[in-house]
1. For residues that are small (Gly, Ala, Ser) and touching a strand residue (DSSP E or B) at 6+ places or on another chain (Cβ under 9 Å), scanning just the range 44-63, find the one that is farthest from residue 13 (Cα to Cα).
2. Taking the range 14-27, which residues are outside any helix (DSSP H, G or I), farther than 16 Å from residue 85 by Cα and either modelled with pLDDT under 95 or of a type outside the set (S, T, N, Q) (or both)?
3. Quick check: is even one residue across the range 43-63 of a type in the set (Asp, Glu), in a strand (DSSP E or B), at pLDDT 95 or above and touching a Cys at 6+ places or on another chain (Cβ under 8 Å)?
4. Cβ-Cβ below 9 Å, separation at least six or inter-chain, first residue in the range 35-54 and within 17 Å of residue 66 (Cα to Cα), second loosely packed, with under 13 Cβ neighbours inside 10 Å and hydrophobic (A, V, I, L, M, F, W, C): which pairs?
5. How about the range 64-85: which of its residues are part of a helix (DSSP H, G or I) and either small (Gly, Ala, Ser) or farther than 19 Å from residue 11 by Cβ (or both)?
6. What are the residues in the range 28-42 that are hydroxyl-bearing (Ser, Thr, Tyr) and part of a strand (DSSP E or B), if any?
7. Among the candidates 60, 22, single out the residue that is touching a Lys or Arg at 6+ places or on another chain (Cβ under 8 Å), over 18 Å from residue 77 (Cα atoms) and among the polar types (S, T, N, Q).
8. Answer yes if at least one residue in the range 24-45 is loosely packed, with under 10 Cβ neighbours inside 10 Å and more than 14 Å from the chain's Cα centre (by Cα), and no otherwise.
Amino acid sequence: MKKIVQEISGEGLDKLLGERVTLFCLNYIYTGKLTGVNETCVLLEGAAIVYETGELSTKTWKDAQALPNDWYVQRSCIEAFGVLK
């Protein structure tokens, strides 16, 4: 049996609050300023769907389409996340 020995708060998505993040999800890639996190979803301001990344080392996306409003993404669909561009 494995047991949690230490729990560190302020890691993961919570640590990235206020940052412009990229969320690699089941069907799409989302980007935007992470302004909210709860148990079921995250909130992105200035959100966009990235249809074509281009080279990941560049500062802009090759094709990112802005969404008209803030956007909620289900945490259960997020496969990977971080600050990328």
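The values are calculated or read from the model by the stated rules, or taken from the named source; none is laboratory data. Treat the numbers as computed from the prediction; the structure is a model and nothing was measured. Ideal geometry is used to build each Cβ from the backbone, glycine not excepted, and the neighbour counts take in all protein chains shown.
1. Only one residue fits best here, namely 54.
2. Filtering the range 14-27 down to residues outside any helix (DSSP H, G or I) leaves 17-27.
Next, from what is left, pick out any that are farther than 16 Å from residue 85 by Cα: 25-27.
Within the range 14-27, 25, 26 meet the criteria.
3. no
4. As it stands, the answer is 46/66; 47/66; 48/66; 49/66, since those pairs meet every condition given.
5. Passing the criteria: 76, 77.
6. 30, 31, 35
7. 60
8. Among the residues of the range 24-45, at least one is loosely packed, with under 10 Cβ neighbours inside 10 Å and more than 14 Å from the chain's Cα centre (by Cα), which makes the answer yes.
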